[in-house]
Amino acid sequence: MDDTEVDAGTLADEFQRTSSIDVFQFTQNERQVYLVDTPGFNDTNRPDIDTLRILATYLSASYVNGVRIHGIVLLHPISDNRMAGSALRNIRMIKAVCGFSSYENLAIATTMWPEETSNVEAKSLEDRENDMMTNDRYFGDLVAKGATVFRHGQTDCRNPSKRLASAQDVTNHLVARLERRAPEVLRLQREMVDEKKSLGETAAGKAVAEDLEKARTACKKELIELEASIKSRLAGVNAAYASQLQEQRSDIEKIFKVVDHSRRVLKKSMRDLHKQEERVVRQRVENADKSLRAQITEKEKKIKNIEKSLLEKREETCKDEVQGPQETRRQGQRQEKQKQPERQHQYQTGTRGQQLFNSHRPVRSKTEEGEDRDRLISDMKEIEELKRRLLKSQGAYERFHGQTGNLWDGTMNGVAAGVASGVIGIAVSAAACTVM
């Protein structure tokens with residue numbers, strides 16, 4: 001890989017990071033299934049407001065355009081010894097986003113089952129699962145309203161075919177449920193589209209705002225105590241302690257900024273969210289376009305350089321073929337005149353005289369000529385291969401641009417934008433790979 005080239009995976013990831021929604025299409029029992037992978041509210045690296053903004057942007061727009069969510073898969077690792085605060089918050093936010101009267105179209109799949117366990121460990125995991133699925137504070141309320149529990153990858157989890165079969169059990173179940181019960185509209189979709197609420201006025205938005213207010217109150221109290229500590233005599237004497245307090249203050253101020261940012265996002269309407277997302281997506285497309293064009297231009301330049309070098313070699317070879325015999329005859333004549341006194345001796349020695357004459361001929365050996373031919377053939381093959389890859393790259397680049405129109409429509413079509421992003425991400429990967 002040349003230093004000037006961009007890794008295909010990196011480029012595609014950079015583009016798809018726009019929405020953080022990935023869509024995977026597959027056929028199951030002669031039915032086209034679209035699996036939409038969304039961020040969760042238990043992501044410690046992403047504020048809840050960003051997760052909610054992403055979901056609100058695409059789900060509300062999908063609803064406007066007639067795209068329905070027919071089933072939901074909720075994943076939870078059985079390896080967690082207890083339900084952490086982030087997991088509890090995730091469950092609470094799922095309820096706020098969905099707001100279903102029945103959760104028959106929800107599958108709860110526990111993951112991370114150990115491959116081998118003792119009887120004691122197996123009993124402990126079963127007890128943990130039972131507690132999670134019966135306690136209303138956890139998943140109990142969802143199960144009571146029709147959600148189905150699965151153990152994903154429990155048997156021979158390292159076997160890809162077994163893991164695939166386990167995943168298909170979940171999707172088969174949801175498809176079968178769909179045939180018996182039509183899916184409900186998500187509460188978040190209904191609130192933002194039908195009731196035209198801002199994000200902060202939705203049930204999910206209020207849940208986030210409640211957490212934000214708790215965080216702000218806690219930070220305000222901590223900041224007051226910190227200010228008092230900074231002014232204390234101990235802080236004035238102990239420099240290390242004073243520095244530590246300043247770092248804590250900086251961390252608290254960062255939390256304040258996140259809270260303020262989240263409050264601004266909660267004020268946005270569906271139209272505001274879509275406009276913001278479209279600006280981000282357009283910038284990603286421009287960056288991808290620039291990278292791909294630069295790579296294609298570099299390959300075109302490389303082809304021209306090799307062709308120029310090849311042409312120069314051919315001209316040099318033709319010149320040698322024309323001038324070589326003439327120069328050989330002239331050198332032979334000069335040598336013959338210079339060596340006239342020794343002529344008789346050279347004829348007598350026969351072979352030795354012929355060797356002396358040939359030693360002055362500027363004619364390349366068969367080995368050198370063969371090497372030259374091999375290099376020419378190699379250069380010609382390299383040019384053909386580069387041209388083939390360039391044509392493939394240009395085709396991928398054209399397909400990339402052919403999908404950008406779908407992306408702008410997709411931005412206003414919610415989950416369809418995830419499909420468009422995935423397609424363009426693949427196109428970016430293909431174009432980048434072909435110019436490597």
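Here are a few things to note about the model shown:
- Considered as a group, the residues in segment 202-211 that are touching a Leu at 6+ places or on another chain (Cβ under 8 Å) and assigned to a helix (DSSP H, G or I) include one that is nearest to Pro47 (Cα to Cα), and that residue is Val208.
- Which listed residue, of Glu195, Glu210, Glu179, Glu191, is of a type outside the set (Ser, Thr, Tyr), modelled with pLDDT of 85 or more and closer than 30 Å to Val33 by Cβ: Glu191
- The residues of segment 78-127 that are part of a loop (DSSP other than H, G, I, E, B) and of a type in the set (Gly, Ala, Ser), listed by number, are Ser79, Ala84, Gly99, Ser101, Ser102, Ser118.
- Evaluated against (1) closer than 30 Å to Val67 by Cβ; (2) over 28 Å from the mean Cα position of the chain (by Cα), Arg89 falls short on exactly one condition, (2).
- Looking at Asn119, Asn135, just one residue is more than 21 Å from Leu59 (Cβ to Cβ), modelled with pLDDT under 90 and out of contact with any Phe, Trp or Tyr (no Cβ under 8 Å at 6 or more places or on another chain), and that residue is Asn119.
- First in segment 102-124 and touching a residue at least 12 places away in the same chain (Cβ under 8 Å), second anywhere and assigned to a loop (DSSP other than H, G, I, E, B) and loosely packed, with under 11 Cβ neighbours inside 10 Å, Cβ under 8 Å, 6 or more apart: Glu115/Arg158
- Residue match in segment 60-68 (condition: closer than 30 Å to Arg128 by Cβ, among the β-branched types (Val, Ile, Thr) and either surrounded by fewer than 18 Cβ atoms within 10 Å (Cβ to Cβ) or at pLDDT below 80 (or both)): no
- Filter result (of a type in the set (A, V, I, L, M, F, W, C), surrounded by fewer than 18 Cβ atoms within 10 Å (Cβ to Cβ) and not in a helix (DSSP H, G or I)) within segment 128-146: none
- Exclusive hit being at pLDDT 85 or above and either surrounded by fewer than 18 Cβ atoms within 10 Å (Cβ to Cβ) or in the same structural domain as Arg137 (by the TED database) (or both), set Ser86, Ser102: Ser102
- Flag for Gly153 being among the small types (Gly, Ala, Ser), in contact (Cβ under 8 Å) with a residue 12 or more places away in the chain and in contact with a helix residue (DSSP H, G or I) (Cβ under 6 Å, 6 or more places away or on another chain): yes
The values are calculated or read from the model by the stated rules, or taken from the named source; none is laboratory data. Source: prediction; values computed, not measured. With ideal geometry, Cβ positions are generated from the backbone for all residues, glycine too; neighbour counts draw on all protein chains shown.
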